[in-house]
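The values are calculated or read from the model by the stated rules, or taken from the named source; none is laboratory data. Bear in mind that the values here come from a model prediction, so they are computed numbers and not experimental data. We place every Cβ from the backbone using ideal geometry, glycine too, and count neighbours over all the protein chains shown. Side chains are part of the model used for accessible areas, which takes the heavy atoms of the whole protein and leaves out ligands, DNA and RNA. Shrake-Rupley method; radii C 1.70, N 1.55, O 1.52, S 1.80 Å.
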Amino acid sequence: MKFGIQTGPQGVEWRDLRAAWELTERLGFDSAWTFDHLVPLLIGHEEPVLEGWTLLAALAEQTERLTIGCLVSSNTFRHPVVLAKMATTVDIISEGRLVLGLGAGYYEIEHTAYGIPFGTQSSRADGLAEACQIVKALFRGGPVSFDGEHYRLAEAPFAPLPVQEGGPPIMIGGRGEKYTFPIIARYADQWNLAGGSTAEDFEQKWAALRARCEEVGRDAAEIETNMGLLTFVDRSSARAHERARACARHFGLDEELAPTIFVAGDPPEVVETIRGLEAVGVQHYVMTVVHGLNYDDIDLFAREVVSSWR
């Protein structure tokens, strides 16, 4: 089992986020991630949010060992050539530590607010599939030509190349069995299933993805599985669960659903929950942290949860 953190850069100062990543590296985590949103998630849109990719480039310079990435980039925000250039630059800065997270885009609110075309679920999936083909081709070196419905390239040059041969691994995030899973089966090196997912949910989705892989002749074992969940770990189990319920209230969610949305408990409880995820196929657990809610849990999580696997 690998372990990482995701620090969504909303409502947080640069110095605090940088300190969280530096602590994460010192404590022996495997990975650290930003997100790719233009407005905050769940909380008020007037709250501050930093841009994930420029932040990632800066954090690449602040770390030496962690695998890093943006969990995950919205394909609706950038032309895939621009994204490939960004990813190559961060891969060079980090000396080959980048995973390229990519998704079709789902948060309609920010598209509406900024006038970014959102399209249909089908059109976003088609665009994602084309983007995957383009970035993979560019990572092998130009010139690249491509004639798709969404994107066209004509003898496009591409240099320099990423540090990682063939380019950074591509992680695709999503849970859509109809539109997203066929793309994951064909193009992804890693798959992320985001928050609000139980072991039972993951087991069902992983079975569906394996079936898609079989349809296209892909060995599903080639795809690393990754799950990110907002995690509360506390010496007091009761306090951890109350913090999770308070978080649900803060976000305007049904607090009775907190046990199925978040992971909460004392260290032995959290270990048991993650072992349950591991048993159904999760290979990389990402502790989602939100400033003001659970940044202070990182140390305890590393020392008494992650250490159970080390």
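In the chain, how many lysine pairs have Cα atoms under 26 Å apart, counting only pairs 8 or more places apart or on different chains?
For the chain, qualifying lysine pairs total 6.
Which whole-Hz ³J(HN,Hα) couplings does region 266-274 yield from phi under the Karplus relation 6.51 cos²θ - 1.76 cosθ + 1.60, θ = phi - 60°, glycine and proline marked x?
Karplus values, whole Hz, x for Gly and Pro: 6, x, x, 5, 5, 4, 4, 4, 5.
Across region 174-182, in residue order, what do the Karplus-derived ³J(HN,Hα) couplings come to in whole Hz, using 6.51 cos²θ - 1.76 cosθ + 1.60 with θ = phi - 60° and x for Gly and Pro?
Each residue of region 174-182 in turn: x, 10, x, 6, 7, 9, 7, 4, x Hz.
If you wrap a convex hull around the alpha carbons of the chain, what volume per residue comes out, as a whole number of Å³?
Cα convex hull per residue, to the nearest whole number: 127 Å³.
Express the accessible area of the chain per residue in Å², computed with a 1.4 Å probe while the remaining protein chains stay in the model.
Using a 1.4 Å probe on heavy atoms only, each residue of the chain averages 43 Å².
Note down the relative contact order for the chain as a percent, whole number, built from C-alpha pairs under 8 angstrom at least six residues apart.
Averaging sequence separation for qualifying contacts and normalising by length gives 18 percent for the chain.
Let me check the size of region 177-293 from its C-alpha atoms; what are the radius of gyration and Dmax in Å?
When restricted to the Cα atoms of region 177-293, Rg and Dmax are 15.7, 48 Å.
Please list, in order along region 236-246, the HN-Hα scalar couplings obtained from phi with the Karplus expression 6.51 cos²θ - 1.76 cosθ + 1.60 (θ = phi - 60°), rounded to whole Hz, x for Gly and Pro.
The phi angles translate into 9, 4, 4, 5, 4, 5, 5, 5, 5, 5, 5 Hz.
Would you work out the relative contact order for region 66-186, in percent, from Cα pairs under 8 angstrom that are 6 or more residues apart?
32 percent
I'd like the antiparallel share, as a percent to the nearest 5, of DSSP beta bridges with both residues in the chain.
Bridges in the chain that DSSP calls antiparallel: roughly 10 percent.
What ranking do 112-121, 135-144, 58-67 get when scored by the average of other Cβ atoms within 10 Å per residue, highest first?
Packing order, densest peptide first, comes out as 135-144, 58-67, 112-121.
Per-residue accessible area for S236 at 1.4 Å probe radius, Å² rounded to 10?
Its accessible surface works out to 40 Å², give or take rounding.
Measure off, as a whole percent, the carbon and sulfur share of the 1.4 Å-probe accessible area of region 194-285, all protein chains present.
Result for region 194-285: 49 percent of the exposed heavy-atom area is carbon or sulfur.
Scan around V305 for amide H atoms under 5 Å from its own, H built in the peptide plane at 1.01 Å from N, and keep only partners 5 or more places away or cross-chain.
Here nothing satisfies the definition.
Tell me whether region 1-138 comes out rounded, prolate or oblate; compute the Cα gyration tensor, take square roots of the eigenvalues as a ≥ b ≥ c, and use a/c under 1.5 as the rounded threshold.
oblate
Give the long-range amide H neighbours of F146: residues separated by 5 or more places, or on another chain, with amide H under 5 Å away, using H modelled in the peptide plane at 1.01 Å from N.
Residues meeting the criterion, in which the H sits 1.01 Å from N, are L153, A154, E155.
Once amide H atoms are built 1.01 Å from N in the peptide plane, which residues 5 or more positions from K2, or in another chain, come under 5 Å H to H?
Amide H neighbours of K2: H284, Y285.
For region 7-46, what is the per residue volume of the convex hull drawn over the alpha-carbon atoms, in cubic angstrom?
Value for region 7-46: 71 Å³ per residue.
Carbon and sulfur atoms: what percent of the 1.4 Å accessible area of region 19-69 do they account for?
53 percent
Given a 1.4 Å probe and heavy atoms of the protein chains only, how would you sort E130, E51, largest accessible area at the top?
E51, E130
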